[in-house]
Amino acid sequence: MTTPEEQPEGTFAIGLSWRNVDQPARPANQFVASVGLPTAEGKPDQVYITIGQVEPPVLSGTPAAMEQQLRQLGSLPVETLGRYVVSRSRLQELIDVLQRTAENFDKAWGADVDDNTNSR
């Protein structure tokens with residue numbers, strides 16, 4: 001066990017070696033984030049993030065028949081791909097990474113932000 005007096009002094013950078021990145025990517029199109037329960041101080045210290053994927057139902061027939069099929073479904077199952085818990089500071093890191101990635105995508109492809117999404 002490492003005791004405080006055995007720890008290195010100061011701060012230093014260490015590289016990361018990502019593992020399992022050769023696995024097939026899975027499409028994700030559903031996202032839920034919620035704030036954790038408050039601590040004794042009354043503030044939450046964690047954010048829960050759930051990522052999932054849902055496929056559209058197969059519908060057939062007339063428009064009226066397809067509408068009836070949709071009404072009978074009630075809900076669509078979402079396949080949970082992963083659940084994560086992050087601190088508020090890690091949440092900000094994730095937001096920053098996603099924001100930079102979106103900006104890089106837009107620069108590379110000249111993409112416009114959809115009218116139904118939040119713009120900067």
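The values are calculated or read from the model by the stated rules, or taken from the named source; none is laboratory data. Quick caveat: nothing in here was measured; it's all calculated off a predicted structure. In this analysis, Cβ positions are derived from the backbone assuming ideal geometry, glycine residues included, and neighbour counts consider all displayed protein chains. Heavy atoms of the whole protein, side chains included, go into the accessibility calculation; ligands, DNA and RNA do not. Shrake-Rupley method; radii C 1.70, N 1.55, O 1.52, S 1.80 Å.
Structure notes:
- Most mobile listed residue (Ile49, Ile14, Ile95) in the chain, GNM with C-alpha springs under 10 Å: Ile14
- Most fluctuating residue given options Pro56, Pro38, Pro27, as computed from a GNM of the chain linking Cα atoms under 10 Å: Pro56
- Here the extension length gained between Thr11 and Ala28 equals 2.5 nm, from 0.36 nm per residue of separation less the Cα-Cα distance.
- Projected area averaged over orientations for the stretch 1-111, convex hull of C-alpha atoms, nm²: 14.4
- Label sites at Leu94 and Leu76, each approximated as a point 7 angstrom past Cα along Cα to Cβ, lie 2.2 nm apart.
- Taking the Cα centre of the chain as origin and assigning +1 to Lys and Arg Cβ atoms and -1 to Asp and Glu Cβ atoms, the resulting dipole is close to 300 debye.
- For the chain: accessible area per residue (Å², 1.4 Å): 92
- Carbon and sulfur %, accessible surface of the chain computed with the full protein complex present, 1.4 Å: 55
- Calculated [222 nm] ellipticity per residue, helices only, for the chain: -9000 deg cm²/dmol; basis is -39500 (n - 2.57) per DSSP H run with n ≥ 4, divided by all residues, nearest 500.
- Between the Cα long axis of helix 88-109 and the first principal axis of the chain there is an angle of about 60°, rounded to the nearest 10.
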